[in-house]
Amino acid sequence: MATQYKTIARDGLWDNNGVFSMLLGMCPTMAMTTTATNGLGMGLATAVVMAASSLLVATFRNQITQEVRIPVYILIVAAMVTLVDLCMNAWMHELYKVLGLFIPLIVSNCLPLARLESFAAKEPVLPSFLDGLFMGIGFTFALTAIGAVREIFGAGTLFADASLLMGPAFKVMEMRLMPADMGVLMMILPPGGFLVTGFLVVAKRMIDLRAGKAIQMGGAHSVAA
C-alpha cells in the first residue's frame, strides 16, 4: 500500500506531471505565469478543486452510471470551482482580481477531467484523493516554476506582490534578484510563456533520460557482479 501511495505521489509531482509530461492545462499555464505569485495562486486553486473533485467522484463512483459520467464529473468540478471562487473572492480578493476569469475556467481544464476519468472513477477514495492532490501540487509546481523563470528574467523579481495578493504572511517570499532595467520584456509577454515552458519540458525529459540511463547502468553492473 505504501508503494502505491509513493507511486501516486511521484506520478503527480514528476513522472506524469500535468504540464511537463502530459501538456494539459496549457491555457492557464500560458496566461497565469507572468509571475511566480500568479502561478502559485492559480496552481493552488486548481489543486484544491482536483483533490475535492477526486474525493467526491471516488466516493460515488458506483452510483454514477457510464452514460452520464462526463456531465456528472463536470457538475462536480463546477461545484468545487464555485466554492473556491467564492472563498478566494472573500479572503484573497486581490489575487482573485488578478486571476479573474481563469478561476471559473478550471471547469474546462483538461487535467481535472482527465484524472477523474482515468483514476478517480476506478479507484478507492483515499488513493483517488491523493492522486487529485498530488496532481494538483505537481500542476502548482509547474506553474510556479514557469512563472518564477519568466519573472526573474523579465522583471528581476521573484514572488513580487505576494503579500498584496496572498496576504502579509507571504511578505518573506518577495525578492529582487536583478536591477529592474536588466529585465527582458519578452519573458513576461506571451512568447515568453511558450519559450520557458518549452525549455522546462526539454529539461525534464533530459533529466528523465539521464536517470533512466543511470538505472540501466546500475542494473548492468549488478548482473555483471
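Key figures for this structure:
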{"quantity": "Straight-distance crosslink candidates among lysines, where the alpha carbon sits under 20 Å from residue 97 and sequence neighbours closer than 8 are dropped", "calculated": "171"}
{"quantity": "Cα gyration tensor, segment 140-200 - rounded (a/c under 1.5), prolate or oblate", "calculated": "oblate"}
{"quantity": "Full-stretch length increase - residue 2, residue 210 - with 0.36 nm per residue and alpha-carbon distance subtracted", "calculated": "72.2 nm"}
{"quantity": "Reachable lysines from residue 213, criterion Cα separation under 29 angstrom, eight or more residues apart if same chain", "calculated": "6, 204"}
{"quantity": "Accessible area in square angstrom per residue, segment 125-225, 1.4 angstrom probe", "calculated": "57 Å²"}
{"quantity": "Whole-number percent relative contact order across the chain, with pairs defined as alpha carbons under 8 Å at least 6 apart", "calculated": "31 percent"}
{"quantity": "Inter-probe distance in nm under a simple model that places probes 7 Å from Cα toward Cβ, at residue 22 and residue 203", "calculated": "2.3 nm"}
{"quantity": "Of all accessible heavy-atom area on the chain, the percent that carbon and sulfur account for (1.4 Å)", "calculated": "72 percent"}
{"quantity": "Rounded to the nearest 20 debye, dipole of the chain from Cβ charges on Lys, Arg, Asp, Glu", "calculated": "420 debye"}
{"quantity": "By accessible area with a 1.4 Å probe, ligands and nucleic acids excluded, highest first: order of 108, 163", "calculated": "108, 163"}
{"quantity": "Computed over the chain, Kirkwood Rh from alpha-carbon pairs, angstrom", "calculated": "18.6 Å"}
{"quantity": "Set of segment 99-139 residues, backbone N closer than 15 Å to the point 7 Å along the Cα-Cβ line of residue 164", "calculated": "99"}
{"quantity": "Under Karplus coefficients 6.51, -1.76 and 1.60, residue-wise ³J(HN,Hα) of segment 35-49 in Hz, glycine/proline x", "calculated": "9, 5, 5, 4, x, 5, x, 5, x, 5, 4, 5, 5, 4, 4"}
{"quantity": "Extension reserve of the residue 86-residue 194 stretch, reckoned as 0.36 nm per residue once the Cα distance is removed", "calculated": "35.8 nm"}
{"quantity": "Cut-off 16 Å (backbone N to label point 7 Å along Cα→Cβ of residue 125), residues of segment 27-56", "calculated": "51-56"}
{"quantity": "Mean separation of Cα contacts under 8 Å, 6 or more apart, over the residue count of segment 41-98: relative contact order %", "calculated": "40 percent"}
{"quantity": "P(r) histogram, all alpha-carbon pairs of segment 1-108 included - 10 Å bins from 0, percent", "calculated": "13, 38, 36, 12, 0"}
{"quantity": "Counted charge near residue 178, where neighbours are those whose Cβ lies closer than 15 Å (Asp, Glu -1; Lys, Arg +1)", "calculated": "-1"}
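The values are calculated or read from the model by the stated rules, or taken from the named source; none is laboratory data. A quick note: this is a predicted structure, and the numbers were derived from the prediction, not measured. Cβ coordinates were reconstructed from backbone atoms using ideal geometry, including for glycine residues, and neighbour counts include every protein chain displayed. Surface areas here come from the heavy atoms of the whole protein model, side chains and all, with no ligands, DNA or RNA. Shrake-Rupley method; radii C 1.70, N 1.55, O 1.52, S 1.80 Å.
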